[in-house]
Amino acid sequence: MYAFIRGRVAMIEPNVAVLDCSGVGYKLFCTRRLFNEANVGDEITLYTQMIVREDEISLYGFATEDERKVFEMLISVSGVGPKAGLAILSDMDASETATAIISGDVSQFTKISGIGKKTAERIVIDLKDKIDKGMAVTQTAGSGRKQRDAIDEAVDALVSLGYQKMQAINAVKSVSTLGDTAEELILLALKRLDVR
């Protein structure tokens, strides 16, 4: 229903922010990271996810659209509710979460309070083929869909050449700002991998 809400921070606590939008206060559940970065009086935009239950309607707010997308995917996993999804994104940003899923790093999730081994394994298994590989690499690059596609293609190509997925992701990440096409990224990444 709401794609984003822009307003002045009227109140902020570890898991809740209230945004004043023209005199209306929107209560949004948020990550600890947002709590640490935002201050009362700041004008901010939060990308939102509405959760509707029988007894309540809740809004969750995120600093980036990628963070919101990862949250939406996390809560689609059986056993992962909104609070658990928020806890994960409080400890890891969208890029780190995507990287943990792609690499199958269950231990990153079990470090989070309330996430057991079975739930962590379910997150990895359920989302491994759904998560955007480019999200793990381009979170800081600020690049668009075209660059993301090139990165995905480069990672897939390196994996098909026999490199481990995490090794491929890290190599492409290290050169993602140096090339525009998949071919350029593959060549640059291969040079980096050969040096190691």
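Observations, loosely collected:
- Residue under evaluation ASP20, criteria (1) charged (D, E, K, R); (2) touching a helix residue (DSSP H, G or I) at 6+ places or on another chain (Cβ under 8 Å); (3) farther than 14 Å from MET135 by Cβ; (4) surrounded by 15 or more Cβ atoms within 10 Å (Cβ to Cβ), criterion not met: (2)
- Residue in region 33-47 that is nearest to the chain's Cα centre (by Cα), counting only those that are part of a strand (DSSP E or B) and surrounded by fewer than 18 Cβ atoms within 10 Å (Cβ to Cβ): THR45
- Of all residues making up region 1-55, the number that are among the small types (Gly, Ala, Ser) and touching an Asp or Glu at 6+ places or on another chain (Cβ under 8 Å): 2
- Helices (runs of 4 or more DSSP H) wholly inside region 62-164 containing at least 3 residues that are at pLDDT below 85 and more than 16 Å from the chain's Cα centre (by Cα): 145-160
- Every pair of residues 6+ apart whose Cβ atoms lie under 8 Å, when the first sits in region 170-188 and is in the same structural domain as VAL159 (by TED's automatic domain parsing) while the second is of a type in the set (Ser, Thr, Tyr) and part of a helix (DSSP H, G or I): SER176/THR138
- Meets criteria (touching an Asp or Glu at 6+ places or on another chain (Cβ under 7 Å), among the hydrophobic types (A, V, I, L, M, F, W, C) and in the same structural domain as GLY116 (by TED's automatic domain parsing)) for LEU74: no
- Selection of region 57-95 for residues being crowded, with 19+ Cβ neighbours inside 10 Å and among the hydroxyl-bearing types (Ser, Thr, Tyr) yields TYR60, SER90, SER95.
- Options ARG122, ARG68: the member that is within 25 Å of VAL155 (Cβ to Cβ), charged (D, E, K, R) and touching a strand residue (DSSP E or B) at 6+ places or on another chain (Cβ under 6 Å): ARG68
- Once region 169-187 is narrowed to residues that are assigned to a loop (DSSP other than H, G, I, E, B) and surrounded by fewer than 19 Cβ atoms within 10 Å (Cβ to Cβ), the residue that is modelled with the lowest pLDDT is THR177.
- Screening ASP55 on (1) at pLDDT below 90; (2) assigned to a loop (DSSP other than H, G, I, E, B) shows it passes everything except condition (1).
The values are calculated or read from the model by the stated rules, or taken from the named source; none is laboratory data. Computed from a predicted model, the values in this text were never measured in an experiment. Neighbour counts are summed over all protein chains in view; Cβ atoms, including those assigned to glycine, are modelled from backbone coordinates with ideal geometry.
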